[in-house]
Structures are given as structure tokens and as C-alpha cells.
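Note sheet for the following structure.
The values are calculated or read from the model by the stated rules, or taken from the named source; none is laboratory data. What you are looking at is a predicted structure, and each value in this text was computed from that prediction instead of being measured. Cβ coordinates were reconstructed from backbone atoms using ideal geometry, including for glycine residues, and neighbour counts include every protein chain displayed.
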Amino acid sequence: MHKCLLIIFITLCSYALHSQNSISHRDSTGVKKDTITKIDYLRHLGNGYFPTRFLNVDLRYLIKFNQYEGLRTGLGGITNNEFSEKYRIDSYVVYGFKDHRFKYKIGGGFRVNEATNTWINLSYVDDLNETGSSSFLTDKRFFQFFEPRLLNINLFHKHITKAINIEHQISNHFTTETELAISKINPTYNYNFILDDESYSKFDVTTAKISMQWSPFSKFETINDVDKEVKNGFPKFTLQLTQSFKNLIKGDFNFSKIDFRTQHKINYNDAVFTEMVLSSGLAFGNTPLTHLYHAYPNNITKETIMQRFSVAGVNSFETMYFNEFFSDRFTTVQLKHFVKPFKISERYRPQLVLISRFALGNMSNIERHENIYFNTLKKGYSEAGFELNKLLLGFGLSFAYRYGGYHLPKIEDNIAAKFTFNVSL
């Protein structure tokens, strides 16, 4: 297996190095012409890619850190149109220095219809997932230069997943993605799922998913025969349906999930605006903890405020402790109001952001989840605070206070003080 991973790693490195040396070509007149313009370069970089001639290196895999793997580093990428407009290779390999284990993906796809940008993709993944995390298939290109929540996550499950995936664009405003996946799940923590007098510490899950994203207010223009988004319109809507099948290709459980999210942004002028995100999820049937929901917690279980001082997330509950709550049905509402930046000088303009967050959820059959203790969100979870961003080199400060149904007896346990980090291209 290590030989196979080494071959993948060397291949990706070779593509990247060769592509860097072949970044330009000559047009029909013999004049040398750059393949990647500055605008395209920045656009790719903002999406988490370092573009080269044949391969876009995926920056998500270069370096990360979490409590289970420690330092996690590796290399990944996806071939671009210079390699082929009909076929692509999408793979990565990473190594965790604390768990001493390679993780990897071997994948690729082929286009079956250019007009609807329809692709069929195949993948084999051996990696980790955060327990209780929920993501949309259509969100896979979400990228941050720095993902602060990852630093403190310690509840992961290993998974080996074989999947076939179909991407299909009904229109510029409406995209879909469908996936059939078979996963072997192995929690890295002490956990048993009890069902029909059987105890599962490891299990197999066979799932079918369909994810739909609708952006009705975005605007597109045809540039060089390619439709490009020229206005990022709001609100946006995303819906995902998941069905797990028992006894289909060794699946152990029947359960269903419905996930929904809407994002909205109100612009008052170029510098002052309000962002709103509503997320909700519903899981019913025999659902193990690995496939249930947390509520985006981002607080370390330490005694003092300064011991909990870390980095604030983008859409996370800063006063909610990791692994404190899990739900099989939940809703969160997050509001951020960006105040006009303070014009201290032409280049130095810190910005105040006012924040309010609320979560509501519950869980049935808690007794099925053994060897792990958690609470529910049935009383409603509330926090409010502010950020003062871009104080120095993209860094700022964040303060949040926990109040309402889950207010803690000690005042200091309800307070979260953290760094923020914001970089935009």
C-alpha cells in the first residue's frame, strides 16, 4: 500500500513540476502567450488551487493540524483542461504525524455532456471524517486559507469509501450532484451503537445522495463561449437528501437524512452589509452518531478563558464546547452585520462585525449511543458577540458570550475570546 501511495505522490509532484516549466505556449502566429492570466491565477488561488499547465494543485492538502492526527501534510490536485477537456484525475495523499498513518484518495472522471457539464466520477477514499459533521456534495470547492476549527477537533471516524458520482448542471442557476457510496466506518474513539440487541463498534453504510443548489439571483455572461458568473446573487438555497440502505452491499442500517441551507446577504453599500445563514438537518431511522449532527462548535474544554484562547471560525459557535451537543434534528441561524470600516489610514481600516447565533435541536433514542456523553439542544442555544477584524496582517479579535437556556453557572465559562484571521484576494 505504501508503494502505491508513493507512486501517487511522485506522480502529482512530477505533474506540478513539469507544469510549472510549461506554463506558456505559442499561438498560431508564433507569439508566445501565457496560458494562465493574472485574473485566472487569482481566481484559482481563491478557490484553493495553485494552477499549473496540466495540474491544479489543491492547497487544501498542503498542511493542516488537528488533535487526532497532529500535523497533517501531503499533496493533491486535479488535472485541468490543458490535460484534457473530457477526462480528469482527482487524487491526493496525506500523512498524519501523530497517528502515523497515510490517508489518500484515488479518483477521476469523464464528461458525458458538454452542454450540461455532466460528469461521471469514480473515487476510492481512505481518510477521516469529523463525527457529526455535515457537508453538501455541491460544496466540495469551499476553501479557506486557514480553517481554525480543525485545530481543536478530536472526534473522528475512519472511513474507507468507494463512490460513483454524477455532476449535472440543469442551468447556470441550478446544479445537482448525485452519489452512490459504500463506506466502512471505524470510530477512533470508544463508541458503540446499540440496535436490536446488537452492539456495533464498526459498521458498513451504503448511501445514496442527491444534492441540489439553486442560485436564482446570480447573473451570468457568456465570455469566450463560456458562461461565467459576474454577480454573486442572494439568497442561495441548497438541499440534500440521503438514504442509507440495510443489506444492500453489506449496509448495516436503514436511515434517511434531509439537509437544507439558505444563505443571504443584504448590501447597504460596498463596505456595510449583513450576512445570514440558516442551516437545518433531520435524520430519522437507525442513524449512528457518526452520521448525526453537531452544531459547529469551536470551544476547547479548558478551565480558564486564556486556556481556551484560540482562533475563531467563520460560521461556528465560539462558546459551544466540542462534543457537548449532538442532534438528529436541528436548526441554526447565524447573523453577521459588518459595520463601516474605521478609516485610520488609507491602508489600515479595521472593521467591526456584530454577531448573533442561535441553535435548536433534539435527539430520539439517546440510549442507543453508548460510551459517549452529550447533551441536546432542546432548550435553545444562544450566543452573541463581536469581531474586530484586520487589526494586523489579517488578524483580529473575537469575543462571544453564551446566554439563555444553556448559560453556565460560572460567568467565565460562558465567555470566548479568540483571534480572527481574514485574508481575501
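Descriptive notes on the structure:
- The one condition in (1) in contact (Cβ under 8 Å) with a residue 60 or more places away in the chain; (2) surrounded by 16 or more Cβ atoms within 10 Å (Cβ to Cβ); (3) under 25 Å from Asn286 (Cα atoms) that Asn371 fails to fulfil: (2)
- Of the residues making up segment 149-162, those that are surrounded by fewer than 19 Cβ atoms within 10 Å (Cβ to Cβ), at pLDDT below 95 and not polar (S, T, N, Q) are Leu150, Leu151.
- Of the candidates Tyr124, Tyr92, Tyr104, the single residue that is under 21 Å from Ile249 (Cα atoms), modelled with pLDDT of 95 or more and of a type in the set (Phe, Trp, Tyr) is Tyr124.
- Complete set of residues in segment 284-305 that are in contact (Cβ under 8 Å) with a residue 24 or more places away in the chain and more than 30 Å from Asp204 (Cβ to Cβ): Asn298, Asn299, Ile300, Thr304, Ile305
- The residue that is farthest from Leu292 (Cα to Cα), counting only those in segment 235-249 that are touching a Lys or Arg at 6+ places or on another chain (Cβ under 9 Å) and not aliphatic (A, V, I, L, M), is Pro235.
- Among residues of segment 342-374, those that are assigned to a strand (DSSP E or B) and touching an Asp or Glu at 6+ places or on another chain (Cβ under 6 Å), counted: 2
- The set of residues in segment 376-414 being under 23 Å from Leu335 (Cβ atoms) and of a type in the set (Lys, Arg) consists of Lys378, Lys379, Lys390, Arg402.
- For segment 329-338, the criterion of being farther than 19 Å from Lys378 by Cα, at pLDDT 95 or above and basic (Lys, Arg) is satisfied by at least one residue.
- Entirely in segment 163-205, the strands (runs of 3 or more DSSP E) that have 3 or more residues that are surrounded by 16 or more Cβ atoms within 10 Å (Cβ to Cβ) and in contact with a strand residue (DSSP E or B) (Cβ under 9 Å, 6 or more places away or on another chain): 174-187
- Within segment 375-420, considering residues that are aromatic (Phe, Trp, Tyr) and either in contact with a His (Cβ under 9 Å, 6 or more places away or on another chain) or modelled with pLDDT of 95 or more (or both), the one farthest from Phe326 (Cα to Cα): Phe386
- Filtered by the rule that a residue be among the aliphatic types (A, V, I, L, M), surrounded by fewer than 16 Cβ atoms within 10 Å (Cβ to Cβ) and closer than 26 Å to Lys219 by Cα, segment 230-253 gives a lone residue, Val230.
- Residue check for Ser256: touching a residue at least 24 places away in the same chain (Cβ under 8 Å), surrounded by fewer than 15 Cβ atoms within 10 Å (Cβ to Cβ) and touching a strand residue (DSSP E or B) at 6+ places or on another chain (Cβ under 7 Å): yes
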